Structure formats: structure tokens, C-alpha cells
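The values are calculated or read from the model by the stated rules, or taken from the named source; none is laboratory data. All of these numbers come straight from a predicted model, not from anything done at the bench. Quick reminder, even Gly has a Cβ in these numbers, built from the backbone with ideal geometry, and neighbours come from all protein chains shown.
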Amino acid sequence: MSQALWKGVISTVSSLSRSWMPARNPRSRLCKLPIFVSVEPQANACISLKGQMNGSGNSGEFTLGEGSGMSTFNAALSQTETTVTVNWSGGGQIKPDNEDWTLDTLVKAAASFPSRVATCPQRTWAILTRYDNNRSFSEWADKHDINVPDFNRVQQVTSDLLDNFMEYKNNLARLQAVMADPASFKLSPYRDPVGLSVEALVNERKLLKDEMSKIGYIVDNLNKDPLQPPLIDIKNPILWACRLPVPIDAPTAGGHGSTVSPADKVAVLGGFSFVNDPIVHNPAPVAPAPPAAAPLEQAVKSAIDNVAKSTTGMAKDIQASPFAPAPPALITTPGLAAEMSPAEQAWVNDDANKRTYAQFRFDRHTGRDGGGPFNDAVELVKPIVPVAWPQRLEFRMISWGGHNILRCVEVAYDQLQLRHGSEGAAADSLTVHLGAGEKVNRIRLGEGEETWGVEGVAFVEIHTSSGQVCRVGEEDGNQITDYYPFDGAEGFKGWWGMSGDIIDKLAPIWGR
């Protein structure tokens, strides 16, 4: 301990005031050591302390510790009444509980305090200061011609970018949940929903990650030049979240929920298994194989090859068997097929299409060829979970040479939403909402007058199983075609036809 410190202690004893003995460890608070000594023998104590200091040698330093010096000082204070109060912070317990505070124990505690603090330090709080608010750094930066970027203007921008990034992470997690269990989700009730097909989900995941990459790119540019405003637009993640599929048990805007039967779930999950060959109905039990030591890619390829070989062999056996299956059933009637174009006849008569779309029945068209073809049945068989009955039908018309014809048709299901035609202002429109179990069981379409080489569809009338009758367009003067479910079909399932800027031709697809 320095000579100046002990002189402070002597001064304190002389004036009957408090002295503060600081601990040497800078991580601890100062150790407060107030000492009160009676007036009568204080002169002896002062003389003893001065003698200790005067005998410390030419170095001017006095070492704090136990020894003969403390014995002499204790003898000088033996006739005094001394009160010792100690406060400390950090260092843990600095004195055994069964010992009293004396000047001797006080010196011992002060001597060992730095090492105790190093063993058991007290937590300290740091105040972070920006570089440009630090005077010494500012002087150094000015001397070396260093310009510190000012990020004050972009703090709100980066805060919003962080919020958007976290929202996108949440959207990505929701999308992963849909891909893990698509049977538990349905289509969002909001506009332009994300479909439940594998292709749609994978594409949406890629788009989400692209938006997250944009945010990282903007942050990197702001770090280089905070005064340069972001030039890349980021889509609102909340609006994106509205388009994602929702759990089947969750309420929707229309209030209609749907459920997936256990049988449908088993069928869906069975489609992911390489062991359950769909052709072999009663496979023989197979002993469990030991864990494969080959890489995952090789194991998957081997499993696929085995399934392919088994399928090929079984197909040959079935073809050679006298019990070979009958040819696929028709998906339209010969009379209706006769009213279709050659391309449409070829499509409905194709055996592969008959097997793929066996649950549908395709009706004849209203209108003439034009634009490009569309077929809702192609999209309806893509989702892993069977698509339920439509929940909403929409029709929008455009003014065309003094009369209205269909511009756009749209059908919304639990799992997806299908739209054909073009977007834009509507001269007239119709929306048909279908309740739970309600089906469209009759449709009337009217062909429009030829204007500028286009006829289109000028009249639509929808009948439902609950008695709804909704119509849009003009019926008078137009050729009307009446459509009903046929060949075991129960109701309307979707549309097929041709479209461009308008709906050139249209026909219903009936389903079971």
C-alpha cells in the first residue's frame, strides 16, 4: 500500500472522521473502511502510525501485510475504543463469519481482496458509445482523414427490413408445414391463393427465398453507403402470408370448413411409400432388412429400380392373363363427342386420358375456337389430396360491340383456385357462393352474336341443388345450350374450353 494512503489513514484518525481504503482490483467497487477512535489515546496511535511510515525506508512505500509493524500498531491502539465498519462489493465472502472485525482482520481482508475479486468478480455494466461520439476517436479519425458513415438515416429502414425478414422466415416455416402434411391444409380464401400441389409449393418456396435474398442484398449495400436509398422493391410479407394455405380446422372468410377422411389420408400417405406396391394387393411378408450402409441416394435409386422392375413384370403378367382388365370407360358420350372438334375428340378418346380422368365427364362446348385451350381437370388431379367440390364461381363480362360477353371465369375450391380469360374492368359480373354439400346441377350457356370475328359466351345461368338460380348476360336472341350431369356424375366440377382476351368457348366438366 502506498505511503500516501497510509497518510490518509493517519489524517482520518487525527480528525475523528472516516477514511476510505480502496481495493486494488479495478473490477470491484471501493472498499469502504471507516474507523472511529476515542479521543484520549489518539496521540499514541498517531505517533505509532507516523513511526511506521518513517521507518518504511527511502523507497517511500509501505507493504500492507502481517508482521511486527502491525503488532506495534495494535499495541498503540490497545487502550482505545475502535469501531470498524466495512462495506465491499465483489470478491465474495472476504472474512469468516466467526471472526470479529478488528484492525488486524481488516488489513488481512484488504490484502486478500484483489485476489478474491479475481476469483469471484462482480458484474459490471458497459455503456456503448458510437465512434463518432467519442472525442479521442473523432480526433484520431480527423487526423487520418477517415470518414465514419452516418447510419442515423437508415435506422428505420433497416428495422423495417429486419421485421420483413422475420415475417418471411415465418412464411417459410408455414410453407414447410404444408409440404410436410398437405392433407391437413386447404386453399386460402383470399385472392390468388397458393396451390397445394408439390410444384406450386416448391415454386412458392423459391420465391420466398428470393425475397429474403433481396433483403440481404439491400442491407449489404446500405452498409457500404447508408446514404444510397434502396432501389429494389420488397413484396409485403403480410400480403404474402394471406395467400398461403390454411389449416383445415381454421375458420375461413366464407365460414365453410372441410375435413379429410382417414381413408383419404391413408391413401395420400401410402403414395409416398416405396414398400407398398399399389399393384400388389397382398404382398408376402418380408423379413426386416438390416440397415443399409450405402449412401441415401444409392438406397433410394435401388428402391426405385426394384419398384420399376416389379411393376413391369406385373404388367406383363396382367396383359397375358385371361382376366386382363376391360378397356377404360368413356369420359363423354358418343353423341356429345360428335359435336366436338377433332382435337377435342382425340383428347376424350385417348385411353390414357380415360384412365387419368375417369372420375370426370366432359360436355360439349358453347362458342367457337379461338385463343388457347384450357382444361380444369388437368389441374384438379394434381393435388395430393382429392379436390373437393367448388365453393365459389365467378363470371366477369366485357362490353363487345354493343353487347356483353364473358371476359373471365373463375372457380374456387378448398385446395386451389382456377381462373381463365383476362383481367380488367367488368361491364357486368356474377358471383355464386356454394354452401357445404351444395352442388351445381344445371348450367345454361348462351352463344353471343358474331362481332369482329368473335362470338364468345353472352349468357350464363347457374342452378344449384339447394335451389339457387343465378344468371348474368342477355338470354334473348342468343342460342342457349342446357347442360345437366350425365353418366353417374353428381354435379359441376370445373370448366374446359378456349380463351384469350375473352372466353371464346366454354363447357362444363361434371364429376362424381
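Data overview
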{"read-out": "Some residue of region 156-171 being surrounded by 11 or more Cβ atoms within 10 Å (Cβ to Cβ), in contact (Cβ under 8 Å) with a residue 24 or more places away in the chain and β-branched (Val, Ile, Thr)", "value": "yes"}
{"read-out": "Positions within region 125-138 being surrounded by 10 or more Cβ atoms within 10 Å (Cβ to Cβ) and more than 40 Å from the chain's Cα centre (by Cα), in sequence order", "value": "Asn134, Phe137, Ser138"}
{"read-out": "Lone qualifier among Thr102, Thr85 - being farther than 30 Å from Asn152 by Cβ and touching a Pro at 6+ places or on another chain (Cβ under 9 Å)", "value": "Thr85"}
{"read-out": "Condition met for Trp347 (buried (at least 18 other Cβ atoms within 10 Å of the Cβ), more than 25 Å from Asp501 (Cβ to Cβ) and modelled with pLDDT of 90 or more)", "value": "no"}
{"read-out": "Exclusive hit being assigned to a helix (DSSP H, G or I) and exposed (fewer than 13 other Cβ atoms within 10 Å of the Cβ), set Gln176, Gln228", "value": "Gln176"}
{"read-out": "Looking only at region 102-113, and only at residues there that are assigned to a helix (DSSP H, G or I) and more than 60 Å from the chain's Cα centre (by Cα), the one that is nearest to Val86 (Cα to Cα)", "value": "Leu106"}
{"read-out": "Any hit, region 381-392, residues being out of contact with any Lys or Arg (no Cβ under 9 Å at 6 or more places or on another chain), within 22 Å of Val469 (Cβ to Cβ) and crowded, with 21+ Cβ neighbours inside 10 Å", "value": "yes"}
{"read-out": "Which listed residue, of Arg123, Arg116, is basic (Lys, Arg), at pLDDT 60 or above and assigned to a loop (DSSP other than H, G, I, E, B)", "value": "Arg123"}
{"read-out": "Filter pass, Glu461 being within 13 Å of Val432 (Cβ to Cβ), in the same structural domain as Val381 (by TED's automatic domain parsing) and surrounded by 13 or more Cβ atoms within 10 Å (Cβ to Cβ)", "value": "yes"}
{"read-out": "Filtered residues of region 114-155 (kept if within 30 Å of Val86 (Cβ to Cβ) and free of Cβ contacts under 8 Å to residues at least 60 places away in the same chain)", "value": "Ser115, Arg116, Thr119, Cys120, Arg123, Trp125, Ala126, Ile127"}
{"read-out": "Tabulated pairs, region 391-402, first without any contact (Cβ under 8 Å) to a residue 60 or more places away in the chain and not assigned by TED's automatic domain parsing to the domain that holds Arg191, second in a strand (DSSP E or B) and of a type in the set (Val, Ile, Thr), C-beta under 6 angstrom, 6+ apart or interchain", "value": "Glu394/Thr431; Gly401/Thr451"}
